[in-house]
1. Report, to two decimal places, the Cα Rg of the chain normalised by 2.2 N^0.38 Å (N = number of residues).
2. Highest mean first, how do 69-76, 105-112, 14-21 rank when packing is the count of other Cβ atoms within 10 Å averaged over residues?
3. Residues with amide H under 5 Å of Leu156's amide H, sequence separation 5 or more or different chain, H placed in the peptide plane at 1.01 Å from N; which?
4. Give the Rg/Rh ratio for the range 1-51, taking Rg as the radius of gyration of the Cα atoms and Rh as the Kirkwood radius, to two decimals.
5. Rounded to whole Hz and in sequence order, give me ³J(HN,Hα) for the range 4-11 from the Karplus expression 6.51 cos²θ - 1.76 cosθ + 1.60, θ = phi - 60°, writing x for Gly and Pro.
6. What's the whole-number percent of alpha carbon pairs in the range 114-169 lying beyond 14 angstrom?
7. Mind checking which lysines have their C-alpha under 26 Å from Lys194, skipping anything on the same chain fewer than 8 residues away?
8. Between Tyr243 and Tyr19, what is the label-point separation in nm under the 7 Å Cα-to-beta-carbon projection?
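The values are calculated or read from the model by the stated rules, or taken from the named source; none is laboratory data. It should be emphasised that the depicted structure is a prediction, and the values quoted were computed from it without experimental measurement. No Cβ is skipped: glycine too gets one built from the backbone with ideal geometry, and neighbour counts run over all protein chains shown. Keep in mind that these areas ignore ligands, DNA and RNA; they rest on the heavy atoms of the full protein, side chains included. Shrake-Rupley method; radii C 1.70, N 1.55, O 1.52, S 1.80 Å.
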Amino acid sequence: NMINLLQSEYKKYKNTYIYSLGLLGMISPVILIAIGTFMVRDDLIAQGIYTWHSFYGRLVAFFVYLIGPLLTSFIAISAVTHEYQSHTMGNILTTPYSRLKIILGKLGYVSLLVIGFYVCVALTNILCAIILGFTITSTELIDHTSYLLLAGVTTLVIVPLALLLTVVFRSFIPPMIISVAGTIPNFAVYHWDKCYLSPWGVPEVIVLKAAGYLNNIDTVYPLTFILVYAALFTTALLIYFHYSDQY
């Protein structure tokens, strides 16, 4: 049943902007940073920082703080607002599937889609490194790829929150505004030792902590909060969608 629901979700959005804009939004920052790096190549070589590590650092600073959370929210919000705009929400509620399975299917599909986009980002990162002529060690390859995938997995905590906001407002703009407002403070991660209190900020704290930064923060706290947030948002989403009038 769940596989059928996932297939249905795939077919539903196959000809929409969700896939194209989501993928473009995810990989374009990598390409833009690569172009910018190439344009100042001589200066970077002179400074001794024309390396994949330096390139990756700029990518992570921009992507993990801002683009990742925003695009994850955009994908999740769009997946639900599409149902309201195309007037299909009422139709799916009349299928043999329970509301629990319907919303779990959407939650699962959006999560898989986000992970898939992060994999594309990791592959684009490697491709850009090769094109730019960086020396790539096996250690860097493993580390850089694993940190990006870790960013993808931890950012999934935002998915049930974005879905919950969307089924509550039944519109794209309010939940997206809330997501933008929640993401912007991520840039304060190095200046606020309680930044893991934000559901939009806790993924980057875990990634930066794994990468050896933020030594002033105990790993237990961000890990605890991301698990609590995931459980809280998912439970709230399931309960609200089950009992609310979505017709």
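1. Ratio of Rg to 2.2 N^0.38 Å for the chain: 1.08.
2. Descending mean neighbour count gives 69-76, 105-112, 14-21.
3. none
4. Across the range 1-51, the Cα-based Rg/Rh ratio is 1.38.
5. 4, 5, 5, 5, 5, 4, 4, 5
6. 62
7. List returned: Lys209.
8. The modelled label-to-label distance comes out at 3.8 nm.
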